[in-house]
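All remarks here apply to the structure that follows.
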Amino acid sequence: MPELFTKGMARNIYYGGGFFFLLLLLGLTLDTLRALPQRDHRENITESVARGKAVWEENNCIGCHSLMGEGAYFAPELGNVFDRYGNGSEEAFGQFMQAWMQMQPMPTEGRRKMPQFHLSQEQVDDLSAFLIWTSRINDNDWPPNREG
Amino acid sequence: MKFESQGVARPYFIFALLLFVGQILFGLIMGLQYIVGDFLFPYIPFNVARMVHTNLLIVWLLFGFMGASYYLVPEECDTELHSPWLARATFWVFAAAGVLTILGYLLVPYAELAKLTHNELLPTMGREFLEQPTITKIGIVIVCLAFIYNIGMTVLKGRKTVINMVLITGLVGLAVFFLFSFYNPDNLVLDKFFWWWVVHLWVEGVWELILGAILAFVLIKVTGVDREVIEKWLYVIIALALISGLIGMGHHYFWIGPGPYWLWLGSIFSALEPVPFFMMVLFAFRVVGQRRHQHGNRAATLWALGTAVMAFLGAGVWGFIHTLAPVNYYTHGSQITAAHGHLAFFGAYAMIVLCIISYAMPIMRGRPQGNGELSQKLEIFAFWTMCVSMIGITLALTVAGAWQVALQRLPEVGALSFMNTQAKLIPIFWVREAFGVVFALGLVAYLASFFVGSRVEAEAGHRVPAVS
């Protein structure tokens, strides 16, 4: 019995389709990489921002928090924490962060706890710089409000 | 068992199941931490429990994929495995690396682990799912290379079936895309952009090829349906998976820096991602409906059907409900994401591994027509318990997510803070935890099914019934 849709056709769709869309993905990636410098304001990635990212990573902050909506959902979103607690002032945010990191873990019984990470003053400043830089990435206006 | 060397799969399957148990235990701990925030603090902080939970999942699935490959590739190739010795050696290397990494997470603070393993030389740690120390990542690459070499050489000298080719394409893709885990620039946007090349292109790309190949193999075996028919379906399914999934990656690029055209591309293509999963449901049911013989292993057939359905629900339906950009704007990073993650990983990947184990383990234990009556009954009971409770977990998380969005994301003024919202969700988190306990009981029943019923019963009880 002749078949309308043969295995050979299915195979060609797989190889042809897979290959075509992989190429399309590569093309779009190239285009995005060219457009990103205007959106990620990479010119503002200072030494401190870079060190702050390392502090963020080496303490596994993403294991509880989300950053730009990605990560764990156990603790608040931090991609916009500068907008939430900075009052528009980098200095005020820096002071807030020093105090905040110092007082962890908070003694409220039954509340979710953030560990004490024993960060140096400089490390906390770096972390603040990283979070401030992150809050200024053009992310199509996410999150919907400042609660994250 | 057709070939002696297929037996190397056995330790892979057993170890995968042990890690699965660990994953569920830590899941229960985290579920309780969502309710009693300081449970086990500071001994097992949430971030550690989560890292153990997700990393155990990834590693046990990899063990499962490897076991599946070692079992099915020689049979498909109609030849012995290239090097059973290498397969056994890589098992111990991978198992040791896995155990040491998990112990590292549990026994020292993460920052200490980063220091001990010299993360500063090539910083790759501290990113979701890729928390492993760099040295572990290098170990994973070495194990994967040895594994693919072994499988590749076997395929080269043997019969090149469609299942083999699709499987090996998926495995090579798995190894290649993992290499992006070593790219971690200072620029968070670039970091995130290529992080998805591991995570998305694994679970919504090449892993679907592996899933399709394993499912097709089991269906051929338990139904006896003509290979030509099954191969055609397999091609269509994986073609649709790649066509929708590659550009579908755009649904992760909505809110992390890339430009607005991804809102359109991501929405449209990822909206198509349920299609291959729906085809998989049609495929599984049609093939089982057209079966040429009634295989004695009814449990394995059930797992095959169940995988297709649960993967469609978890990856397809629950993916779709929050994949369109206007919806995702409000649901991104909420408990909706967690709901989808749980049902998709269980339905697609955990279940396909349990499916091949259900088919292959009895054969490796000298029961070609499946386990005995009692054992299969218990396994089928465990199947339903785990599936129903996972749907319970998913529904609870979906309600939690919807409520979270309503309280925290939707209001323009007077939105609740994250922590206050979470406090309101505690009753739902209790429901989730209760279903989690049921799931754990289902897992206990599943494991018990391996020890129920004797070999004699297995052989006596399951003569192949004649085809009607």
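Numbers at a glance
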read-out	value
Cα-based reach from residue B:232 at 27 Å (exclusive), listing lysines while leaving out same-chain residues under 8 positions away	A:7, B:2, B:157, B:160, B:221
Dipole of chain B, positive direction: furthest Cα of B:163, B:419, B:289, with charges on the beta-carbon	B:289
Nitroxide proxy distance, nm - points 7 Å out along Cα→Cβ at residue A:34 and residue A:5	3.8 nm
Net +/- balance of residues flanking residue A:33 in space, Cβ distance below 15 Å, scoring K and R +1, D and E -1	+1
Ratio of Rg to Rh over chain B (Cα coordinates, Kirkwood Rh, two decimals)	0.96
Dipole of chain B, positive direction: furthest Cα of B:399, B:320, B:435, with charges on the beta-carbon	B:435
Degrees, to the nearest 10: B:46-77 long Cα axis against longest axis of chain B	30 degrees
Proximal charge balance of residue B:344 [Cβ under 12 Å; K/R count +1, D/E count -1]	-3
Estimated dipole of chain B in Debye, rounded to 20 [Cβ of Lys and Arg +1, of Asp and Glu -1, Cα centre]	820 debye
Contact order relative to length of chain A, as percent, for alpha carbon pairs under 8 angstrom and 6 or more apart	29 percent
Neighbour net charge for residue B:59 - beta-carbon separation under 14 angstrom, K R +1, D E -1	0
Extension gain, residue B:388 back to residue B:448 (0.36 nm per residue minus Cα-Cα distance, nm)	19.7 nm
Calculated FRET efficiency for the pair residue B:2/residue B:293, C-beta based, R₀ 25 Å, to 0.05	0.90
Computed over region B:1-160: relative contact order in percent, which uses C-alpha pairs under 8 Å that are six or more apart	31 percent
Stokes-Einstein D (µm²/s) once Rh is taken as the Kirkwood radius of region A:1-107 over alpha-carbon pairs, at 20 °C in 1.002 mPa s	116 µm²/s
Residue B:410-residue B:179 pseudo-label distance in nm [points 7 Å out on the Cα-to-Cβ vector]	4.7 nm
Partner lysines for residue B:424 [C-alpha distance under 19 Å; skip if fewer than 8 residues away on the same chain]	A:113
Anchor residue B:115: lysines whose Cα lies under 22 Å away (excluding residues fewer than 8 positions away in-chain)	A:53, B:137
Convex hull of the protein assembly as shown built on C-alpha atoms - directionally averaged projected area, nm²	27.0 nm²
Nearest 10 degrees, 0 to 90: helix B:426-448 Cα axis against chain B principal axis	20 degrees
Lys, Arg +1 and Asp, Glu -1 on Cβ, resulting dipole of the protein assembly as shown about Cα centre, debye, nearest 20	1900 debye
Span-like helix ranges in chain A, DSSP H, alpha carbon extent 20 angstrom or more, Kyte mean at least -0.5	A:7-40, A:121-135
Charge dipole of the protein assembly as shown about the Cα centre (unit charges at C-beta), most positive-ward option of B:300, A:133, B:14	B:300
Total charge dipole magnitude, region B:307-445, about the Cα centre, Cβ charges on Lys, Arg, Asp, Glu only, Debye to nearest 20	120 debye
Using a Förster distance of 22 Å, the FRET efficiency for residue A:26-residue A:47 (Cβ separation, nearest 0.05)	0.10
Förster radius 30 Å - calculated FRET efficiency between residue A:90 and residue B:191, Cβ distance, rounded to 0.05	0.85
With Cα atoms, 0 to 90° folded angle of helix B:188-201 axis to chain B main axis	20 degrees
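All of the numbers you see were taken from the coordinates with simple rules; none came from a lab. Only a predicted model underlies this, so the values are computations on that prediction, with no experimental measurement involved. Every residue, glycine among them, receives a Cβ derived from its backbone with ideal geometry; neighbour counts consider all protein chains shown.
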